[in-house]
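Worksheet for the structure shown next.
The values are calculated or read from the model by the stated rules, or taken from the named source; none is laboratory data. Just so it is clear, the structure is predicted and the values come from calculations on it, not from any experiment. Cβ: placed from backbone, ideal geometry, glycine included. Neighbour counts: every protein chain shown. These accessible areas exclude ligands, DNA and RNA; they are computed on the full protein's heavy atoms, side chains included. Shrake-Rupley method; radii C 1.70, N 1.55, O 1.52, S 1.80 Å.
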Amino acid sequence: MPVDIRTVLRKHEGELRRFRRGLFSTDPADSELASALPSSVLERYRAGGLAVPHSFGPVRSVTDRFATLSFVGDISDQAALLEQPGREGSLLTLSVAAKHKQLGTRQPVNPAEARAWVEAIVGPEWLPHVYSAGALTGVTRGGSSTSKPLTTQFFYLFLGADGVPHAEPEHHLGVQLTPLTDAA
């Protein structure tokens with residue numbers, strides 16, 4: 001079932017635009033976090049083929065009146081992350097987390113709402129190239145059981161060296177990726 005977030009998007013249009021610009025810009029001045037991190041930490045990010053993570057939110061959830069959502073995005077070098085030297089391109093990782101507004105406790109994110117926000121971030125043209133890794137954050141306790149529910153939704157978008165999205169390459173990320181739309 002689709003989630004209509006258009007009203008919320010209008011309220012956060014400027015903030016969302018800055019988040020997108022920070023994700024896709026190569027100018028370090030576009031990162032608010034970069035200005036707060038020590039230069040040694042920034043250098044370690046760059047040496048590892050990573051970009052400084054960008055965040056957006058918290059914003060009010062449209063499906064849960066008690067929840068706020070926060071988004072974190074970063075772009076990593078595919079060669080470093082996929083452990084394939086010489087591989088060109090980048091990997092955009094987006095995570096969506098929810099907290100109870102008053103209690104501050106983590107809670108699961110509605111997958112349909114997360115998908116709507118991801119579409120707002122990457123746009124309808126890139127959405128068919130986005131993969132969901134599902135909910136991954138939680139504390140595991142032996143095997144596949146968890147002591148806490150998995151709460152944070154993760155999404156991946158693979159970009160070629162030319163900045164154009166492409167299909168999921170062979171990887172060893174340790175998670176199964178599912179196309180977010182049927183027309184990937």
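Observations
- Number of positions in region 90-129 that are β-branched (Val, Ile, Thr), farther than 19 Å from residue 66 by Cα and touching a Ser or Thr at 6+ places or on another chain (Cβ under 8 Å): 1
- Pairs are defined by a Cβ separation below 7 Å, a sequence spacing of at least 6 or placement on different chains, a first member in region 148-167 that is in contact (Cβ under 8 Å) with a residue 24 or more places away in the chain and over 25 Å from residue 110 (Cα atoms), and a second member that is open to solvent by less than 30 Å² (accessible area, probe 1.4 Å) and of a type in the set (A, V, I, L, M, F, W, C); the pairs so defined are 159/92; 165/157; 165/158; 165/159; 166/158.
- In region 100-126, residue nearest to residue 181 (Cα to Cα) [restricted to those that are charged (D, E, K, R) and either open to solvent by less than 70 Å² (accessible area, probe 1.4 Å) or in a strand (DSSP E or B) (or both)]: 119
- Residue 74 more than 29 Å from residue 160 (Cβ to Cβ) and surrounded by 17 or more Cβ atoms within 10 Å (Cβ to Cβ): no
- The number of residues in region 50-80 being aromatic (Phe, Trp, Tyr) and not in a loop (DSSP other than H, G, I, E, B) comes to 2.
- Any hit, region 78-99, residues being open to solvent by 70 Å² or more (accessible area, probe 1.4 Å) and within 17 Å of residue 132 (Cα to Cα): no
- Residue 146 being modelled with pLDDT under 90 and of a type outside the set (Lys, Arg): yes
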